[in-house]
Amino acid sequence: MNRLETCSTLGTEFGLKQVGFETQGVVMETADQVLSVTQLTREIREVLESRIGSVWVEGEISNHRLQSSGHQYFTLKDASSQVSCVMFRGAARGGVRLTDGAKVQVFGEISVYEPRGQYQLVVRQVQMKGQGSLQARFEALKRKLYEEGLFDEEHKQAVPKFPKVVALVTSPTGAAIQDMLNILTRRAPWLRVLVFPVRVQGVGVEKETIAALRVLNEAAHHGLPKPDTIVIGRGGGSIEDLWAYNEESLARAIFDSRIPVISAVGHEIDFTIADFVADLRAPTPSAAAELIAPDLSELRRFFEATASRMGARVQTLLDHHEHVLELTAKGPLQHEPMRFLEMAAQRVDDFEANMGDCVRQQFQRLTDVLTNSHQVLTQHHPRVVITEAAHRVESQAALLRQTLEHRLTRLEDRLAGRADLLRNLGPDSVLSRGFSFTMTADGRSLKDAAAVKPGDLLTTRLHKGEVRSVVE
């Protein structure tokens, strides 16, 4: 499992002396050693990234913020410290949903956001606290294969109900093979069983299982009978014991198998990637054997019931035909055969007479339908439709012109009224009645005599012309 680490306070061990600083204060030996803020921040970032690099950190999420870009920003904290984190959209896709208060373990690189001079953790992977790296890998691969469609029902092959040859891919010495053989022997003694021995725990399990699937899919090339069904099985165990059945290579080999595959790995509560991609999942190896081979006593009862139903049906058919033969032997067909021929000839004459009436009626019906269709077509002919539409357009255009003319007339009347009001209330009207107004030299309207002093220039506006004066 990847190592878990917690963030500690950054101190002088991260290389402050490398950039010309001492812990007791700034020492400036030469002018060449003076750094800009950007250079200092970049040096610190390089020291952090090289000395710490990628780490697993555990803590509680707070201040979570999801941007419209898909990037997520949050703080990871424990009882005494906190660190800023950012998870970009690419890393967030398909991962754990982040919420405030969630206890998580995150994996990423320590870096520095240079515009603010703030160190942060760039998160690449998130898993809930207590969830091991194997479980995280399991969920990630499960999502990946699900999105690719390897679990879709449309790709599942039907497992035959009455197979002739079954291949068991498992350990030849484990308890699982003994359980399956005992059940198959008892329930289906006619079944031919091929045992393909492989390891079920340890290094290389998935490689041996993949090789077994390839050989069984090409059984004829290896001198083996082609199995109708393949069972991959072993007993229960921890996630580490069963991990070989969670490998992507084995999942793809099961998906590519041309022979239906039953996954019977672990106990009923154990689930592996092989279970999801297989054509059928059995909760245990014993259950897989029961699914493959129907019980002999049940088959016997089924065949006996079928034979009984078939016998009863055959007897019913024989009794019916025997009754028909008896009626035929005793009926008029045996004594007066011409009578049946005469009656048949009479029915033919009746059919011939009725046929003419039926043809005429059908012809009249089709004629009526054609006439109605012609009338409808005439009413909806494009020329008629276009002519009616043109009339409607002309009417609407005339109405629109009339409406616009009335509207313009009303607006012109309102505009004339407003112009008269403006002339009556405007400054020119006031000046024409003998009033005037005075402005200072800078163009300000003079309202108070105290606002000027002797010598100031004034301009007085009259109805006709202007008068310039000097204050005395």
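List of remarks:
- Cβ-defined net charge surrounding Asp228, 14 Å radius [Lys, Arg +1; Asp, Glu -1]: +4
- At full extension, Ser80 and Leu457 could sit 128.0 nm farther apart than now, given 0.36 nm per residue minus the alpha carbon distance.
- A helix-only calculation puts the chain at -15000 deg cm²/dmol for mean residue ellipticity at 222 nm, using -39500 (n - 2.57) for each DSSP H run of at least four residues, averaged over all residues.
- Order of exposure, largest accessible area first, which applies to Lys142, Lys103, Lys453 with probe 1.4 Å: Lys453, Lys103, Lys142
- A P(r) calculated from all alpha carbon pairs of the chain, with 10 Å bins opening at zero, reads 3, 10, 10, 8, 8, 8, 11, 13, 10, 6, 5, 4, 3, 1, 0, 0 percent.
- FRET efficiency, 1/(1 + (r/R0)^6) with R0 60 Å, evaluated for His71 and Val215 via beta carbons: 0.75
- Residues of the range 174-211 with amide N under 18 Å of the 7 Å Cα→Cβ point at Arg300: 183-191
- Selection from Gly455, Leu35, Pro197 lying farthest towards where the dipole of the chain points positive, charges on Cβ: Gly455
- Pair Thr185, Glu290: separation of 7 Å Cα→Cβ label points (nm): 2.0 nm
- Surface exposure of the range 201-309, expressed per residue as accessible area with a 1.4 Å probe, stands at 46 Å².
- Accessible surface of the chain, 1.4 Å probe, proportion on carbon and sulfur as whole %: 56 percent
- Taking a Cβ cut-off of under 14 Å around Gly202, the surrounding Lys, Arg, Asp and Glu residues balance to a net charge of -2, with basic ones at +1 and acidic ones at -1.
- Note that the range 51-174 presents 55 Å² accessible area per residue, ligands and nucleic acids not counted, probe 1.4 Å.
- Annotation: extensible slack from Arg468 through Arg143 equals 107.9 nm (criterion: 0.36 nm per residue apart, minus Cα-Cα distance).
- Between 0 and 90°, nearest 10: helix 337-379 axis offset from the chain longest Cα axis: 10 degrees
- Placing +1 on the Cβ of every Lys and Arg and -1 on the Cβ of every Asp and Glu, with nothing else charged, gives the chain a dipole about its Cα centre of roughly 1080 debye.
- Accessible surface, the range 385-472, averaged per residue in Å² (probe 1.4 Å): 85 Å²
- With Cα atoms as the point set, the range 40-105 shows a radius of gyration and Dmax of 13.3, 37 Å.
The values are calculated or read from the model by the stated rules, or taken from the named source; none is laboratory data. Nothing here was measured: the structure is a model prediction, and the numbers come from that model. Note: ideal-geometry Cβ built from the backbone for every residue, glycine included; neighbour counts use all protein chains shown. With ligands, DNA and RNA removed, areas are computed over all heavy atoms of the protein, side chains included. Shrake-Rupley method; radii C 1.70, N 1.55, O 1.52, S 1.80 Å.
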